[in-house]
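Undergrad: After the structure tokens below, expect a handful of questions from me.
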Amino acid sequence: MIRPAISALLLATALFAEPNFTGAWRMDPQRSNFGEMPLPSKLVSRIEHKGASIRVVTDQSGGGAPGRADYKYTTDGKESINKIKSNELKTVGRWQGSSLMLTHTLNFQGSETLTMEDEWRIDEGGALVQIRKMKTPQGVLQTTTVLLKQ
């Protein structure tokens, strides 16, 4: 009786463990979907994940936002602030099971607000899947970026 209960507990712990996203990741264009937005020709993210701190350095060519981005987040529910040009990107990260949920708010052009909800998870094949839902004045857009560890 005790052995099955311990096995079930170990399985549940493994299924809901918080993954570590550290590594160099390259977008898989065949599995990624940017909807109506142009798919980048290249997207590479280098992630340093230590405890509750995550730093993401992304290099992107083509698509809607080419260039380099360097952001820092936490996974403990505290707000992180990063800059996009002269605008502040405010982010709150928290775990939901084995998925990292990031809620971003960006105020730009003085009065418009863009809200983004990200879910990061490692799929059964080891890929990092990032699903983003963006709430804009024009409606909700969704993208899925699938990244393979290099």
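The values are calculated or read from the model by the stated rules, or taken from the named source; none is laboratory data. Predicted model only: the values in this text are computed from it and were never measured. So basically every Cβ, Gly included, is an ideal-geometry build from the backbone, and we count neighbours across all protein chains shown.
Undergrad: Can you find, within the stretch 112-123, the residue that is nearest to N20 (Cα to Cα) among those that are part of a strand (DSSP E or B), of a type in the set (D, E, K, R) and modelled with pLDDT of 95 or more? Don't jump to the end; show me each part of the working.
TA: First, pick out the residues of the stretch 112-123 that are part of a strand (DSSP E or B): 112-122.
From what is left, the residues that are of a type in the set (D, E, K, R) are 112, 117-119, 121.
Among the residues that remain, those that are also modelled with pLDDT of 95 or more are: 117-119, 121.
Values: E117: 20, D118: 16, E119: 14, R121: 10 Å.
Ranking the qualifying residues of the stretch 112-123, first place goes to R121.
Undergrad: Starting from the stretch 79-107, take each residue that is more than 13 Å from V56 (Cβ to Cβ) and list its partners that are assigned to a loop (DSSP other than H, G, I, E, B) and modelled with pLDDT of 95 or more, counting only C-beta distances under 7 angstrom and pairs at least six apart or across chains.
TA: V92/G77; R94/T75; R94/G77; W95/T75; S98/P19
Undergrad: Considering each residue of the stretch 72-111, count those that are at pLDDT 95 or above, in a strand (DSSP E or B) and basic (K, R), and give that number.
TA: Residues meeting the conditions: 3.
Undergrad: Looking only at the stretch 57-73, count how many residues are in contact with a Ser or Thr (Cβ under 6 Å, 6 or more places away or on another chain) and buried (at least 17 other Cβ atoms within 10 Å of the Cβ).
TA: Qualifying residue count for the region: 2.
Undergrad: Being among the charged types (D, E, K, R), under 15 Å from the mean Cα position of the chain (by Cα) and closer than 22 Å to F34 by Cβ is the filter here, so list the residues in the stretch 91-132 that pass it. Break it down stepwise before answering.
TA: Residues of the stretch 91-132 that are among the charged types (D, E, K, R), as a first pass: 94, 112, 117-119, 121, 123-124, 132.
Cutting the leftovers down to under 15 Å from the mean Cα position of the chain (by Cα) gives us 94, 117-119, 121, 123, 132.
Correct list: E117, D118, E119, R121, D123, R132.
Undergrad: Would you mind finding the one in A65, A69 that is among the hydrophobic types (A, V, I, L, M, F, W, C), closer than 21 Å to K42 by Cβ and not in a loop (DSSP other than H, G, I, E, B)?
TA: Values: A65 fails: not in a loop (DSSP other than H, G, I, E, B).
The conditions single out A69.
Undergrad: Which one is nearest to M27 (Cα to Cα), of the residues in the stretch 124-146 that are of a type in the set (G, A, S) and at pLDDT 95 or above?
TA: Within the stretch 124-146, the subset of a type in the set (G, A, S) is 125-127, 139.
Narrowing further to those that are at pLDDT 95 or above: 125-127.
Values: G125: 14, G126: 13, A127: 10 Å.
Ranking the candidates gives A127 first.
Undergrad: Across the stretch 82-123, what is the number of residues that are β-branched (V, I, T), exposed (fewer than 15 other Cβ atoms within 10 Å of the Cβ) and in contact with a Leu (Cβ under 9 Å, 6 or more places away or on another chain)? Before you say what the answer is, go through the steps one by one.
TA: Filtering the stretch 82-123 down to residues β-branched (V, I, T) leaves 84, 91-92, 103, 105, 113, 115, 122.
From what is left, the residues that are exposed (fewer than 15 other Cβ atoms within 10 Å of the Cβ) are 84, 103, 113, 115.
Retained after the next criterion (residues that are in contact with a Leu (Cβ under 9 Å, 6 or more places away or on another chain)): 84, 113, 115.
Total meeting the criteria: 3.
Undergrad: Any idea how many residues of the stretch 35-56 are surrounded by 18 or more Cβ atoms within 10 Å (Cβ to Cβ) and over 14 Å from the mean Cα position of the chain (by Cα)?
TA: Of the residues in that region, 1 qualify.
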